[in-house]
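Working notes, beginning with the structure itself.
Values in this text are rule-based calculations from the coordinates and carry no lab data. Note that the coordinates shown come from a computational prediction; the quantities given were computed from them, not determined experimentally. Heads up, the Cβs are rebuilt from the backbone with ideal geometry, glycines too, and the neighbour counts pull from every protein chain shown.
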Amino acid sequence: MEPCYGCAECRFSLGFKQAINDFRLPGYGGPCPPHRHGPHRYHFRLLALSLDRLPVRQPPTCKDVEREARKHILAEAVLVGVYER
């Protein structure tokens with residue numbers, strides 16, 4: 001059977017968790033700059049951690065995850081995307 005990576009059912013059965021975002025909802029909300037406000041930069045940070053799971057309260061906020069992850073970083077990469085509407 002081919003693995004499924006896109007649907008919520010598969011993500012959660014594999015043990016993935018989602019933090020509460022700036023919109024006060026779980027998961028990723030995507031870029032949303034104001035209309036006709038010019039380009040906005042979005043920084044996407046990928047962290048390689050020294051452990052499999054972060055000891056954070058449930059449900060964690062993105063700040064909770066970032067604060068705890070910073071203690072366990074092995075490597076880090078940043079991608080900056082520019083988006084405007």
For a quick check: with amide H placed at 1.01 Å from N, whose amide H comes under 5 Å from Ala19's, ignoring anything fewer than 5 positions away on the same chain? Gly27
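Which net charge results when you count Lys and Arg as +1 and Asp and Glu as -1 among the other residues whose beta-carbon is under 15 Å from that of Leu49?
Details: positive: Lys17, Arg45, Arg53, Arg67, Arg70, Lys71; negative: Asp52, Asp64, Glu66, Glu68, Glu76.
My count for the surroundings of Leu49 gives +1.
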Which cross-chain or sequence-distant (5 or more) residues have an amide H under 5 Å from the amide H of Leu49, H modelled 1.01 Å from N in plane? Leu74
Dipole magnitude (debye, nearest 20) for the range 28-85, charges at Cβ of Lys, Arg, Asp, Glu: 160
